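Structure first, then comments.
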Amino acid sequence: MATKAALGMELNLSAMKKDLQTIRTLCRQRYLRHCSKWCGEMLMALQDVNEDPQEPVGAAPPPEPAEAAELETVELAHDYLTLGELDRAAHQSRHCTGGRGRFLHLYSRYLAAERRRAEDAPEPLAPAPRTKCVELTELRAELQPLCESPAGGDGDGFISYLYGVVLRRLELRAPAVRALTDAVRRQPLLWQAWLELAALVTDREMLARLQLPDNWMCQLFFAQVFLDLQLNSEALAIYRAFQEAGLQRSSYLSAQIAIGYQNMREVDQAIELFQNLLKEDPCRLENMDSYSNLLYVKGMQVELCSLAHNLSNINKYSVETCCVIGNYYSLKNHHEKAILYFQRALRLNANYLSAWTLLGHEYLELKNTNAAIQCYRQAIDVNRLDYRAWYGLGQMYEILKMPLYCQYYYKQAHQLRPNDSRMLMAMGESYEKLDKLQEAKRCYWKAHSIGDIEGVALLRLAKLFERLCEPMRAAAAYADYIRDSEGQDIWDRDEQAQAYRFMANHFLLRGQLDETAHHAARCTEFPETREEGKAILREVAQRRAEEAAARGGEAPGATGATSATATAAGTAATAGPSETPLGMSPLPPYRLLFSP
């Protein structure tokens, strides 16, 4: 059963099912639990697909003679691993020479080293001890000759995968990329290797340089990287193509699509998808921290409280549960309690990105800038593609009145989210503080052009035109701001008052008394501009009286004609923008502003 999806390749569901069954068996034998679980969830979406008798790519190799001889030893080591007796499993399998036994020995040692490092780690914000990862370094020395051999250790990519993981933990990114690329070439179905490799891709150029096998799992890898790089439309296109090809019931694909909607700020659609996931699997923990972030943004306190209680009953000591409870307390403005739960999540997993970022947000709420900066920096160390951490650092240095620093961090956030107006607005404000007014103007204009989330880009642009002594452009910007604010009733009334005051004075200087009177009358609706509005109305009345006296015996209809002309001129001045709003000439391509 083959279908042609929008993937640039033919998707054979029968072969995919057999591939998943094969790799799940191999992962179970090697205690790769997360990969085995992922394969099982994907197989649930394919349970109605008939199997193809043809042998798939990546099938399990025939057993080696050494594996048959040491089968009981390997099985016992696997049982020790299952019970968490990591050192005992490593000791039991120390003499194994077969592929599976050797991998279990090395993997047990890696897990034991990671557990000891986690147990010896300080509190989340305490200074890290200056000790080297001796065990991981020794493990790397043993893995290197195995992976550089022609057979790649065991010939099926698992040793190369472990080598890449160790290199990544030692922060040797370039060698880790090479090792993991070799792993997915040797074993194209090892999803954990694909995920580790995805975490190391920093941009599209790097992705294009990778020499990867062309199979269906590579397409899921591309979608994961696109999500990390905030290329959400491309990622969603791949996930939807898989669903249309026959994987509509895949919970993994639904969760990834929900995360894509979350990145695109389509909150309601993301929440609906997560709610459907919970209906199908009410005991699900995975991705529930992302769901709680959406509930937090929408202010859905009852739903967030229900989710927190549900997860606490399932497993109160999981990192997802701690993050959900932390979000609940944050929504109730109990920031100290929220910090406690986010710290608890980090004790469970020091590399949990979401907890670091959320902890930084809580310290930001409490004005603890030093702690917030540490959290955001830790989040960037875990994942340099986390725009929230870069943006948070920019906010911290803005509070510390260091605009040059905050401009750098805002620029990093903007490069990760080029179509997010919040990043552009923050950059524009930092440019203003550095007296780089032309750069600030371009940022505000771009933020308005791509869709201003906060609704203040026009206002900032108008004030900037005032500083640049460009009253006509300032008036056009204020007119557009007034039009938008009157249509939505969600804007700052203080800012509206200032806009009306400027427009009243602007038309007064130009002698357009009808428009001046209109805007001055609106000024009287706001307490802070009421008196000035009344003064401008008195000035209008006086000028009209002087004009009437000067006309003397003029024909009665002349006054009406003059008034109509002034009204028409004022209407033209406040009309909405056409193809080039604000009377601005087209700006150069925005990316040129950030070229070296």
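The values are calculated or read from the model by the stated rules, or taken from the named source; none is laboratory data. Everything numeric here is computed off the predicted structure, so don't read it as measured data. All Cβ positions, even for glycine, are placed from backbone atoms using ideal geometry, and neighbour counts span all protein chains on display.
Residues in the range 186-233 that are surrounded by 16 or more Cβ atoms within 10 Å (Cβ to Cβ) and charged (D, E, K, R): ARG186, GLU196, ASP228. Looking only at residues in the range 192-216 that are in contact (Cβ under 8 Å) with a residue 40 or more places away in the chain and over 22 Å from the mean Cα position of the chain (by Cα), the one that is nearest to LEU11 (Cα to Cα) is TRP216. Could you tell me whether any residue of the range 92-99 is crowded, with 17+ Cβ neighbours inside 10 Å and part of a helix (DSSP H, G or I)? For the range 92-99, residues crowded, with 17+ Cβ neighbours inside 10 Å and part of a helix (DSSP H, G or I): present.
Checking the conditions here, which among LEU277, LEU285, LEU273 is under 30 Å from ASN333 (Cα atoms), more than 16 Å from the chain's Cα centre (by Cα), part of a loop (DSSP other than H, G, I, E, B) and of a type in the set (A, V, I, L, M)?
Numbers: LEU277 fails: part of a loop (DSSP other than H, G, I, E, B); LEU273 fails: part of a loop (DSSP other than H, G, I, E, B).
From the options LEU277, LEU285, LEU273, the qualifying one is LEU285.
Keeping to the range 22-54, report how many residues are assigned to a helix (DSSP H, G or I) and touching a residue at least 24 places away in the same chain (Cβ under 8 Å).
Narrowing the range 22-54 to residues assigned to a helix (DSSP H, G or I): 22-29, 33-45.
Checking which are touching a residue at least 24 places away in the same chain (Cβ under 8 Å) leaves us with 22-23, 25-27, 29, 34-35, 38-39, 41-45.
Adding up the residues that qualify gives 15.
Scanning the range 508-563 for residues that are of a type in the set (Ser, Thr, Tyr) and either at pLDDT below 85 or farther than 16 Å from GLN498 by Cα (or both) yields a total of 3. When the test is whether a residue is assigned to a helix (DSSP H, G or I), at pLDDT below 90, of a type in the set (Phe, Trp, Tyr) and surrounded by 20 or more Cβ atoms within 10 Å (Cβ to Cβ), TYR478 passes it.
Answer yes or no as to whether ALA255 is surrounded by 19 or more Cβ atoms within 10 Å (Cβ to Cβ) and in contact with a Phe, Trp or Tyr (Cβ under 7 Å, 6 or more places away or on another chain).
Numbers: surrounded by 19 or more Cβ atoms within 10 Å (Cβ to Cβ): yes; in contact with a Phe, Trp or Tyr (Cβ under 7 Å, 6 or more places away or on another chain): no.
Judged against the criteria, ALA255 is not a match.
Among the residues of the range 426-442, those that are surrounded by 23 or more Cβ atoms within 10 Å (Cβ to Cβ), of a type outside the set (Gly, Ala, Ser) and out of contact with any His (no Cβ under 9 Å at 6 or more places or on another chain) comprise TYR431, LYS441.
Taking interchain pairs and intrachain pairs at least six residues apart, which have beta carbon atoms under 8 angstrom, with the first residue in the range 376-389 and on the phi < 0 side of the Ramachandran plot and the second acidic (Asp, Glu) and part of a helix (DSSP H, G or I)? Filtered contacts from the range 376-389: ASN383/ASP228; LEU385/ASP228.
Within the range 360-381, being among the charged types (D, E, K, R), more than 13 Å from TYR397 (Cα to Cα) and out of contact with any helix residue (DSSP H, G or I) (no Cβ under 6 Å at 6 or more places or on another chain) holds for one residue alone: ASP381. The one condition from (1) crowded, with 18+ Cβ neighbours inside 10 Å; (2) outside any helix (DSSP H, G or I) that ASN333 does not meet is (1).
Give the residue, chosen from ASP87, ASP52, that is at pLDDT below 80, in contact with a helix residue (DSSP H, G or I) (Cβ under 6 Å, 6 or more places away or on another chain) and either closer than 30 Å to LEU285 by Cα or of a type outside the set (Gly, Ala, Ser) (or both). The conditions single out ASP52.
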